[in-house]
Amino acid sequence: MGNSTKSLRSCFTVILFVKRLVSMIAKHSRPWPPSLPRELQFLDVAARLRVDSDTITMASTDFGKLNREIPAAVLCPFSKDDIVALVRSSYSSSSSVTFSIAARGEGHSLRGQAMAPGGVVVDMKAMGINSGRISVCGSAFYADVGGEQLWIDVLNATLEHGVAPKSWTDYLYLTVGGTLSNAGISGQSFRHGPQISNVQELDVVTGRGEVVTCSRHMNSELFCAVLGGLGQFGIITRARISLEPAPTRVKWVRMLYHDFSAFTRDQEHLISINLNEGQGMVKGLDYVEGSVTSQLSPANNWRSSSFFSKADHSRISSLLATQQHDILYYLEVAKYYDHLTVDTVDGELEVLLSGLSFIPGLIFAKDVSYVDFLNRVRSGELKLRSKGQWDVPHPWLNLFVPKSRILDFDAGVFKGILRQSPSLVGPILVYPMLRSKWDDRMSAVIPGEDIFYSVGLLQSISPNGTTQECREDHHHLGLEEQNRKILEFCEEASIKVKQYLPNYRSRAEWMNHFGPKWEVFKERKNNFDPLAILSPGQRIFN
């Protein structure tokens, strides 16, 4: 009797095992996607193509939560060889089945730019599993970095050698390849240029399936095309990033303004100081940004949620509550220092800020570590995540506005359209950059004036309302309508803005965006991705 019971248990165990095995096989052995050539499934790269529902769902949306495009498969590459095999299978398919391919890092695009409907999304993070994807040469001040690496990891790796990249984005949990495909901007851009101006060399898998090493002096056409090229010409698998000696501490200062013209005049003054370095003047600031603050965009927001004390925040809120000052602007600056300059940094900062026109008494300062300053957005993100307010639609609008029209933009947008949208909340950035710090041979597009402003309307869903679903529907439509009004206002007022992280639906709009660069952009596409395989989510050539 005992042996019979054991036999039954053994049979039952075997049956359960077989059921689980069949279930696993069924999950991972779905029918071959008809949009992909059948010969692809016989290549080694096919082992790293995934079609399970969880992976497909992940690759079907992004941070913007505005678009949903379903790919046929997701490639989890072990190395660049897998990416090469995938691109070549589309470019030279004997069955004439050409499929689209989009590289995806952390998925922080806003409107489906990293999606590939019916094609293959390359999950670049999979390459980060390999060791040695960040190699730092401190003595020569550069780091070779995998395109899939996060900037926070690049920062930590370089600091071990006492060095760090020169130019940053405000948020560090973005991939190197992702930001270099756009530009990569923040408050350091006036000094060092965008991140694309601080790259020495790239390894790129082109739309022809060729691996090309390029720089300003070698294969320069591809190098300039890829940087700021919106993923249209190749997939960045390695970037050589310029470094500088790393500071250890930061003097971080914010000043409040009620007069926008004084606010912009002081910003422009501060970014010009560095142009006169070497003539016996004090070394300029390392970071200059600015923001619009109101009751709906409080001074303490998720971008830097811990800067102002409760007392300071109450003081600012009281000022905003008055009818005279329902909109304020704060100028935000930083001065880096280390053990060699600790005794002089306060004096230098005092000289730099003397004569500015901020509201008397409304200047606030903190002393923080270099890492905490660069990673200042992270704590705000984690707070939003804990409240379920991070993974919501983000219909953000990022613009470059010529200096000559920034006062008109303030009057029409900050003091006009935004005041008519009482339910829309979020940070609003506005800070100047210098055209001289950008390389016009690269694909990124900026206004033609020597100084232009980056305006970031980083608004999302208000926490007020009844249900999450109702809030998302209502505020999503409200934000989209607001963005449309802003762009229409700029067009009607002849303010020649350029979109950063651009999103257009027609070829005519893209031609207008690129302007004189369009013909070069189109020629480069024909050279490096003639079948328009790459980055279909940008909707430029497809």
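Observations on the model:
- Restricting attention to the range 289-298, the residues being over 16 Å from residue 260 (Cα atoms) and open to solvent by less than 10 Å² (accessible area, probe 1.4 Å) number 1.
Okay, residues lined up against (1) surrounded by 14 or more Cβ atoms within 10 Å (Cβ to Cβ); (2) in contact (Cβ under 8 Å) with a residue 40 or more places away in the chain; (3) under 25 Å from residue 184 (Cβ atoms):
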| residue | (1), (2), (3) |
| --- | --- |
| 367 | no, yes, no |
| 398 | yes, yes, yes |
| 425 | yes, yes, no |
| 442 | yes, yes, yes |
| 446 | yes, yes, yes |
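- Number of the condition not met by residue 90 [criteria: (1) surrounded by fewer than 19 Cβ atoms within 10 Å (Cβ to Cβ); (2) within 18 Å of residue 42 (Cβ to Cβ)]: (1)
- When the criteria are applied in full, residue 349 fails the requirement of being surrounded by 19 or more Cβ atoms within 10 Å (Cβ to Cβ) and touching a Phe, Trp or Tyr at 6+ places or on another chain (Cβ under 7 Å).
- In summary, residue 419 fulfils each of the numbered conditions (1) over 26 Å from the mean Cα position of the chain (by Cα); (2) in a loop (DSSP other than H, G, I, E, B) with the single exception of condition (2).
- Exactly one residue out of 311, 321, 334 is of a type outside the set (D, E, K, R) and touching a Phe, Trp or Tyr at 6+ places or on another chain (Cβ under 6 Å): that is 334.
- Of note, residue 392 satisfies the criterion of being farther than 29 Å from residue 266 by Cβ, outside any helix (DSSP H, G or I), aliphatic (A, V, I, L, M) and open to solvent by less than 10 Å² (accessible area, probe 1.4 Å).
- Annotation note: of 368, 401, the sole residue that is touching a helix residue (DSSP H, G or I) at 6+ places or on another chain (Cβ under 6 Å) and in a strand (DSSP E or B) is 401.
- Elements of type strands (runs of 3 or more DSSP E) in the range 101-191, at least 1 residues being open to solvent by 20 Å² or more (accessible area, probe 1.4 Å), touching a residue at least 60 places away in the same chain (Cβ under 8 Å) and more than 30 Å from residue 393 (Cβ to Cβ): 134-137, 142-146
- Residue check for residue 256: in a helix (DSSP H, G or I), farther than 17 Å from residue 136 by Cβ, open to solvent by less than 10 Å² (accessible area, probe 1.4 Å) and aliphatic (A, V, I, L, M): no
- Residue match in the range 236-245 (condition: of a type outside the set (Lys, Arg), buried (at least 18 other Cβ atoms within 10 Å of the Cβ) and outside any strand (DSSP E or B)): no
- Set 388, 380: member being at positive phi and either touching a residue at least 40 places away in the same chain (Cβ under 8 Å) or more than 24 Å from the chain's Cα centre (by Cα) (or both): 388
- Considering residues of the range 369-389 that are out of contact with any Phe, Trp or Tyr (no Cβ under 8 Å at 6 or more places or on another chain) and among the hydrophobic types (A, V, I, L, M, F, W, C) only, the residue surrounded by the fewest Cβ atoms within 10 Å (Cβ to Cβ): 382
- Taken together, the criteria place residue 201 among residues that are assigned to a strand (DSSP E or B) and touching an Asp or Glu at 6+ places or on another chain (Cβ under 9 Å).
- Among the conditions (1) within 19 Å of residue 185 (Cβ to Cβ); (2) surrounded by fewer than 19 Cβ atoms within 10 Å (Cβ to Cβ); (3) at pLDDT below 95; (4) among the polar types (S, T, N, Q), the only one that residue 468 does not satisfy is (1).
- Of all residues in the range 492-540, those being assigned to a strand (DSSP E or B) and crowded, with 16+ Cβ neighbours inside 10 Å number 3.
- Lone unmet requirement of (1) of a type in the set (Gly, Ala, Ser); (2) within 27 Å of residue 391 (Cβ to Cβ); (3) over 27 Å from the mean Cα position of the chain (by Cα) for residue 85: (2)
- Exactly one residue out of 430, 445, 413 is touching a Cys at 6+ places or on another chain (Cβ under 9 Å) and within 28 Å of residue 167 (Cβ to Cβ), and it is 413.
The values are calculated or read from the model by the stated rules, or taken from the named source; none is laboratory data. All figures in this text were calculated on a predicted structure; none of them were measured in a lab. Ideal geometry is used to build each Cβ from the backbone, glycine not excepted, and the neighbour counts take in all protein chains shown. Remember, those area values only see protein heavy atoms, side chains included, never the ligands or the DNA or RNA. Shrake-Rupley method; radii C 1.70, N 1.55, O 1.52, S 1.80 Å.
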